[in-house]
Amino acid sequence: MKIGLDWFLVGLAAVAGLAWLVPGPGAHGGALHPELLNKLGVALIFFLHGLLLSFAALKAGSLRWPLHLVVQACTFLLFPLLGLAGLALAGDALPDDLRLGFFFLCALPSTVSSSVAFTATARGNVPAAVFNATLSSLLGVFLTPLWMGLALRGGSAPLPVGRVMLDLLQWLLLPLLLGQLARPLLGAWAARHSARLGTVDKLAILLLVYTSFCDSVVQGTWSAHGPATLLLALGGAAALFVTVLLLVNAACRLLGFAQPDRVAVVFCGSKKTLASGVPMAQLMFAGNGALSVILLPLMIYHPLQLLLCGALAARWSRRR
């Protein structure tokens, strides 16, 4: 499998730079009206996810329950526990906003598209990957805010878990269900134009990243964060990914999973979603001037997991 620097990864850096140069339109009260535009963008992203999601593929992958339990335990238990342990070890070396960003990364669900793509390339259990990645997205609507509420409990700005869950249900889960309901009418059309719809999905994510950085620039958040913050985020994301990858792989060997199941577990259990993470952050931390710092670990983890999982998928694809 050929892994290159695609336009979306370049776009992430470009919109962050654009926010530094022209922050006004995307900031709170700006010409783009991000207060409404962000929520509409989130709804569009998840409507398209629902429209492109095949129920038949979910059904086909639903039977391997030991595999599913391991993947979801990695996503929603191993990651947060490693995050808590890492933050405890780091102590005051990490700024508060970056600490929040690392735990938000750990609390997120897994990816869908890239997990399935890498599993297919490595000749793994594709139906199980589809099922787990989708199940993770659904569970994340409830488990991610619960973990974040636990992490922020007792702080100066505790997370209103009930309101956050209601927002996630309204702007994430409801559009996803509407997309599924629209499949009888639009499913065949969506399948023919899946590449173009994927481009629309990525453009919507880039817009959310742009508005996230605009508020931070306007409010002067980055004046307190220099290059050291970027280096800390890079080192922490790399250490987290390698640790999880090794632990997940070891668990698969210990449990005696066959190679196709092991492939699905490794790729679904070690990854975190940017496509859902940015919209969830927009809803959870709306109005937080440090949103771009909170998103920084996720934005570093995303290309890192694509690069390393791509190399691993290419290696496994050559096995007999």
Problem set entry | Any hit, the range 149-157, residues being at pLDDT 90 or above, farther than 28 Å from residue 261 by Cα and not charged (D, E, K, R) | yes
For this session: Pull up the range 3-37, narrow it to residues that are outside any helix (DSSP H, G or I) and within 24 Å of residue 198 (Cβ to Cβ), then point me to the one that is modelled with the highest pLDDT.
Result: 32
Exercise. More than 23 Å from residue 84 (Cβ to Cβ) and modelled with pLDDT of 90 or more - does that describe any residue in the range 225-244?
Worked result: no
Problem set entry | the range 284-320 - residue that is more than 30 Å from residue 36 (Cβ to Cβ) and either outside any helix (DSSP H, G or I) or basic (Lys, Arg) (or both) and, of those, farthest from the chain's Cα centre (by Cα) | 320
Exercise. In the range 199-215, how many are among the small types (Gly, Ala, Ser) and farther than 13 Å from residue 275 by Cβ?
Worked result: 1
Problem set entry | Lone unmet requirement of (1) touching a helix residue (DSSP H, G or I) at 6+ places or on another chain (Cβ under 8 Å); (2) under 30 Å from residue 227 (Cβ atoms) for residue 85 | (1)
Exercise. Are any residues in the range 73-113 outside any helix (DSSP H, G or I) and buried (at least 23 other Cβ atoms within 10 Å of the Cβ), and if so, which ones?
Worked result: 108, 109, 110, 111, 112
For this session: Identify all residues within the range 38-59 that are of a type outside the set (A, V, I, L, M) and assigned to a helix (DSSP H, G or I); write none if there are none.
Result: 38, 39, 41, 46, 47, 49, 50, 55, 59
Problem set entry | Of all residues making up the range 41-82, the number that are farther than 30 Å from residue 243 by Cβ and not hydrophobic (A, V, I, L, M, F, W, C) | 4
For this session: Working only within the range 47-65, note down all residues that are at pLDDT 85 or above and surrounded by fewer than 16 Cβ atoms within 10 Å (Cβ to Cβ).
Result: 65
Problem set entry | Every residue from the range 90-105 that is among the hydrophobic types (A, V, I, L, M, F, W, C) and out of contact with any Lys or Arg (no Cβ under 8 Å at 6 or more places or on another chain) | 93, 94, 98, 100, 102, 103, 104
For this session: Give me the pairs, please: first residue somewhere in the range 157-177 and under 12 Å from residue 141 (Cβ atoms), second residue anywhere and among the β-branched types (Val, Ile, Thr), beta-carbon distance under 7 Å, and either six or more positions apart or on two chains.
Result: 168/141; 169/141; 171/42; 172/42; 172/141; 173/141
For this session: Find all pairs meeting these conditions: Cβ atoms under 9 angstrom apart; at least six residues apart or on different chains; first residue within the range 14-27 and touching a residue at least 60 places away in the same chain (Cβ under 8 Å) and within 16 Å of residue 219 (Cβ to Cβ); second residue surrounded by 15 or more Cβ atoms within 10 Å (Cβ to Cβ) and charged (D, E, K, R).
Result: 19/215; 23/215; 26/215; 27/215
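The values are calculated or read from the model by the stated rules, or taken from the named source; none is laboratory data. None of the values given here were measured: they were computed from a predicted structure. Heads up, the Cβs are rebuilt from the backbone with ideal geometry, glycines too, and the neighbour counts pull from every protein chain shown.
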